[in-house]
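The values are calculated or read from the model by the stated rules, or taken from the named source; none is laboratory data. Note that the structure is a prediction, hence the values are computed from the model and not measured. In this analysis, Cβ positions are derived from the backbone assuming ideal geometry, glycine residues included, and neighbour counts consider all displayed protein chains.
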Amino acid sequence: MTDSVLYELDNGLAVITINRPEAMNALDVPTKIALRDTVTAAAEDPAVRAVLLTGAGERAFCVGQDLKEHLGLLKRAEETGEAPLKTVAEHYNPLVRALAGMRKPTVAAVGGVAAGAGASLAFACDFRIVADTAGFNTAFAGIALTADSGASWTLPRLVGHARATELLMFPRTVKADEALGLGLATRVVPAGELAATAREFARQLAEGPTVAYGAIKASLSYGADHSLSELLDKEDELQTLAGDSEDHRIAVRAFLAKEKPVYLGR
């Protein structure tokens with residue numbers, strides 16, 4: 001694994017850190033490969049019960065594509081006739097599928113700016129704990145590109161179609177307080193408290209009924225583009241799964257005994 005992506009597993013909580021603070025955690029090819037593979041491995045690892053995604057340093061969560069590297073790749077594409085943006089299919093798409101699609105809660109700890117694909121990665125998480133000095137910028141149209149990394153899907157679901165269109169076509173930095181009002185931020189905290197607050201938030205999720213959390217994620221995703229009748233059948237399927245979990249039995253016994261449940265994630 002490259003040093004540009006750090007990984008820590010602590011009692012079911014996987015902490016993934018984009019570690020290029022000198023480049024504002026911009027995503028060059030080695031970093032994209034490492035991040036894709038790390039998130040995918042966390043999604044598939046039964047020992048992982050929740051994921052916390054963050055960026056090193058105080059200036060940025062992630063500013064998206066490394067444009068210095070990208071310019072060189074564009075020049076090479078002109079010379080060879082290759083497609084100039086193969087990275088979307090090779091790196092970003094599988095990364096976002098793993099991040100948004102895993103049946104485990106995901107939290108982004110956003111310190112500093114989250115721009116372009118970096119903002120998209122934050123949007124793909126279930127929760128965003130945001131420093132009061134941070135901000136989001138879709139950025140894509142500012143370099144004559146369309147949205148990628150799932151922003152066309154996640155952003156309208158967070159802020160609505162009309163506001164998503166505005167933010168994508170007229171990119172600007174949405175500061176933390178506005179982000180909270182729009183629904184981009186789950187919680188805004190002082191910058192000095194971000195790391196501890198986000199970790200505790202993610203820790204609570206990791207210690208929760210993660211089978212149920214995964215089913216909730218699956219139900220919400222399915223309901224976004226299916227009919228009510230189809231969703232009811234899906235809820236039945238997922239409730240059967242959750243009802244058969246050991247965590248459900250633990251929760252019922254604890255409720256009746258007036259005790260706090262200790263979940264196992266299975």
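Quick one: count up the residues across the stretch 147-199 that are out of contact with any helix residue (DSSP H, G or I) (no Cβ under 8 Å at 6 or more places or on another chain) and at positive phi.
Looking only at that region, the number is 1.
On the given criteria, is S120 in the same structural domain as V51 (by TED's automatic domain parsing), buried (at least 22 other Cβ atoms within 10 Å of the Cβ) and assigned to a helix (DSSP H, G or I)?
Judged against the criteria, S120 is a match.
Go through R103, R49, R76 for me and flag whichever is closer than 25 Å to G142 by Cα and more than 12 Å from the chain's Cα centre (by Cα).
Only one candidate qualifies: R76.
Scan the stretch 132-191 for residues that are assigned to a helix (DSSP H, G or I) and touching an Asp or Glu at 6+ places or on another chain (Cβ under 8 Å) and jot them down. Steps first, answer last, please.
Of the residues in the stretch 132-191, the ones assigned to a helix (DSSP H, G or I) are 140-143, 151-159, 161-169, 176-182, 191.
Listed by number, the residues that qualify are F140, A176, D177, A191.
Would you confirm whether any residue within the stretch 217-235 is among the basic types (K, R) and without any contact (Cβ under 8 Å) to a residue 40 or more places away in the chain?
So in the stretch 217-235, the residues among the basic types (K, R) come out as 217, 234.
Of the ones still in play, those that are also without any contact (Cβ under 8 Å) to a residue 40 or more places away in the chain are 234.
For the stretch 217-235, residues among the basic types (K, R) and without any contact (Cβ under 8 Å) to a residue 40 or more places away in the chain: present.
For the stretch 202-253: of the residues being β-branched (V, I, T) and surrounded by 15 or more Cβ atoms within 10 Å (Cβ to Cβ), which is farthest from T54 (Cα to Cα)?
Selected residue: I250.
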